[in-house]
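Contents: one structure, followed by commentary.
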Protein chains: 2
Amino acid sequence: MADDLKAIIRSVPGFPKPGIVFRDITTLLSKPEAFRHALDEFEAFFRRQGVNRIVAIDSRGFIFGGALADRLQVAFVPVRKKGKLPYTTIGAEYALEYGTDCLEMHIDGVQKGDRVAIIDDLLATGGTLEASCRLVEQLGGQVVAIAVLIELTFLNGRKKLAGYDILSLIDYDTE
Amino acid sequence: MADDLKAIIRSVPGFPKPGIVFRDITTLLSKPEAFRHALDEFEAFFRRQGVNRIVAIDSRGFIFGGALADRLQVAFVPVRKKGKLPYTTIGAEYALEYGTDCLEMHIDGVQKGDRVAIIDDLLATGGTLEASCRLVEQLGGQVVAIAVLIELTFLNGRKKLAGYDILSLIDYDTE
């Protein structure tokens, strides 16, 4: 079934810049049975891990995170780029190709002892996921699951996330 | 129950700039029973309207749109700011306080004859929702439902959306 999911992803060469092949998930999101299958896998993983809070990364992570918070009946918590969240936040920097950027979470997004799942569409270099883990842990939560639809294994993002339980449904081992 | 939902929204004065009171929905998203209640209302409305496709507006619309596409087992289609979608797009401009901005949708996001629901967290001036309606209609779809969690009625956004069926769950009649 992972192969079936992979076959539905649309590859767009040259986006966002020459040399990059963008993996476009909108073709999967428009097929209800494929979207449901991906959510079924994530849901089963989160239940096994005893998750009581879902942290979703802006913005494609929100699509999966909203549905999973609804299915599991647990809290939904957004992580967003600096300056987007209105209330008091904590921040975590992560490296870009050139320079750094900052992710934020509300200070009441996670509470001490929470068993947190982090969800995003893509694991590439692992920078945003690793920063999101730090945000959860700063607030006393435990990251018990990381789930992504697509993993670009040739970028070795898992190295940055050693020690965490990670589920990816679709792998690409070359650009 | 709309009053119960409203009581959970956090008001943040001075965000994103002085004089604005930002209505923060993260306090609702962190309460599963409140999030579920909002989704129940949206789901019932979309079923009544015979929706077969959900168009969600980046990025808070994605949180509700993902869950509703899962509940209704219909296609999820994102509308995003210019330059974010990788495949061939159509665009629609809308007015900002100063100047204009552009929303985009993939050309295969909607097909002729589709009965489309558009979802976002907020109806303010109606600019982004009206532009999203134009995108759906450019591709031959019919907008049969517009749903938002919060409506700022004092901004008269409904005027711009005359003729559409709109559901909002929480109203604010002053800033």
Q) Once phi is turned into ³J(HN,Hα) by the Karplus curve 6.51 cos²θ - 1.76 cosθ + 1.60 with θ = phi - 60°, what whole-Hz value does each residue of segment B:150-165 show in order, with x for glycine and proline? A) 10, 10, 8, 5, 5, 9, 6, x, 4, 4, 6, 10, 4, x, 9, 7
Q: Report, for B:Tyr164, each distance to the same residue's label point in the other copies, shortest first and in nm; define the point 7 Å along Cα→Cβ.
A: 3.6
Q) Going from the alpha-carbon gyration tensor of segment B:92-175, what semi-axes, largest first and in whole Å, does one get by taking the root of 5 times each eigenvalue? A) 22, 16, 9
Q: On the full set of protein chains, 1.4 Å probe, figure out the accessible area of B:Glu41 and give it in Å² to the nearest 10.
A: 80
Q: Taking each label point as 7 Å beyond Cα in the direction of the beta carbon, state the distances from B:Lys6 to the same residue in the other copies, shortest first, in nm.
A: 5.3
Q.
I need the inter-copy label distances for A:Arg115: point set 7 Å along Cα to C-beta, values in nm with one decimal, smallest first.
A. 4.2
(Q) Can you work out the Karplus-derived ³J(HN,Hα) for every residue in segment A:9-24? Use 6.51 cos²θ - 1.76 cosθ + 1.60 with θ = phi - 60°, whole Hz, and x for glycine or proline. (A) 5, 9, 8, 10, x, x, 10, x, 8, x, x, 9, 9, 7, 9, 8
Q) How compact and how long is chain A, expressed as Rg and Dmax of its alpha-carbon atoms in Å? A) 15.6, 45
Q. When the helix-only estimate is applied to chain B (DSSP H runs of n ≥ 4, each -39,500 (n - 2.57), divided by the residue count), what is the mean residue ellipticity at 222 nm, nearest 500 deg cm²/dmol?
A. -9500 deg cm²/dmol
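Filter the trypsin sites (Lys or Arg not before Pro) in segment A:110-175 down to the DSSP loop ones having no more than 14 other Cβ atoms within 10 Å, then list what survives.
Answer by residue number: A:Lys112.
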Q) B:Arg115: net charge of surrounding residues, Cβ under 13 Å, Lys/Arg +1, Asp/Glu -1, itself excluded? A) +1
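Work out the length of the dipole vector of the protein assembly as shown about its Cα centre, built from +1 on the beta-carbon of each Lys and Arg and -1 on the beta-carbon of each Asp and Glu, and round it to the nearest 20 debye.
It works out to roughly 100 debye.
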Q.
At a threshold of 8 angstrom on Cα-Cα distance, excluding pairs fewer than six apart, so keeping six or more, what relative contact order does chain B reach in percent?
A. 18
Q | Helical segments meeting 18 Å axial Cα length and Kyte-Doolittle 0.0 threshold in chain B (DSSP H) | A | B:60-72
Q.
Under the rule a/c < 1.5 gives rounded, and otherwise a/b versus b/c splits prolate from oblate, where does segment A:24-93 land using the Cα gyration tensor?
A. oblate
Q) When the Debye formula is applied to the Cα atoms of the protein assembly as shown, each taken as the same point scatterer, what base-10 log of I(q)/I(0) results at q = 0.07, 0.08 Å⁻¹? A) -0.27, -0.36
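The values are calculated or read from the model by the stated rules, or taken from the named source; none is laboratory data. For clarity, every value in this text was computed on a predicted model and none was experimentally measured. Here the Cβ is made from the backbone with ideal geometry for all residues, glycine too, and neighbour counts use every protein chain on show. We work out accessible area using only protein heavy atoms, side chains counted, and drop any ligands, DNA or RNA first. Shrake-Rupley method; radii C 1.70, N 1.55, O 1.52, S 1.80 Å.
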